[in-house]
Amino acid sequence: MFEFYKEDGRIKIKLWGMKIIFKNPFINRLEDCCAIENLKYLKKQGTNFPHPVGIVVGKGVEIGKNCTIFQNVTIGKWNGALPKIGDNVKIYANSVIYGDTTIGNNAVIGAGSVVTKSVPDNAVVVGNPAKIVKYNTDGK
């Protein structure tokens, strides 16, 4: 008789066969739960935010095409310098990238990593401070 669910960014209730819809602008809106400059541009570039909560991308940070950024990632300025993120980079949850760093194309930043130095193309880094653990040769 009573059903409560979320669909298309709206709260919906079915009560005795009648559908009641509540529009809630705070559900599933990246803009409301993250601080990301140039969000429209990043989406055009193919940047993916699978779990859009707590992501901070500082003003002026360069992010390449087709990147994936998971929850609670911070990418920002340190001593006036900003990171540059290459194409097809995956940045997993709770990672921090700051300062004068360049993340190469196809790199992977492991969960919880703190990146303060540049990462070459195809490298997989993990830890605090982040260290290279391997290189991807298959492009995944």
Checklist line | Magnitude of the charge dipole, the range 36-86, Cβ model with Lys/Arg +1 and Asp/Glu -1, debye to 20 | finding: 140 debye
Notebook entry, point to check: Any idea how far apart K40 and N94 come out in nm if each label point goes 7 Å out from Cα toward Cβ?
Noted result: 3.6 nm
Check: Which links in K43/K134; K44/K90; K90/K131 stretch past 19 Å when you go from one Cα to the other?
Finding: K43/K134
Note to self: Please list, ordered by chain and number, the residues whose modelled amide H lies under 5 Å from the amide H of I97; skip anything fewer than 5 residues away on the same chain.
What the structure shows: T74, I75, G76, V115
Margin query: Can you give the local net charge around G110? Use residues other than it whose beta-carbon is closer than 12 angstrom to its beta-carbon, Lys and Arg +1, Asp and Glu -1.
Written below: +3
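Since every read-out is calculated from the coordinates, none of them should be taken as a lab result. Just so we're clear, the structure is a prediction, and the values are computed from it rather than from any experiment. Cβ coordinates were reconstructed from backbone atoms using ideal geometry, including for glycine residues, and neighbour counts include every protein chain displayed.
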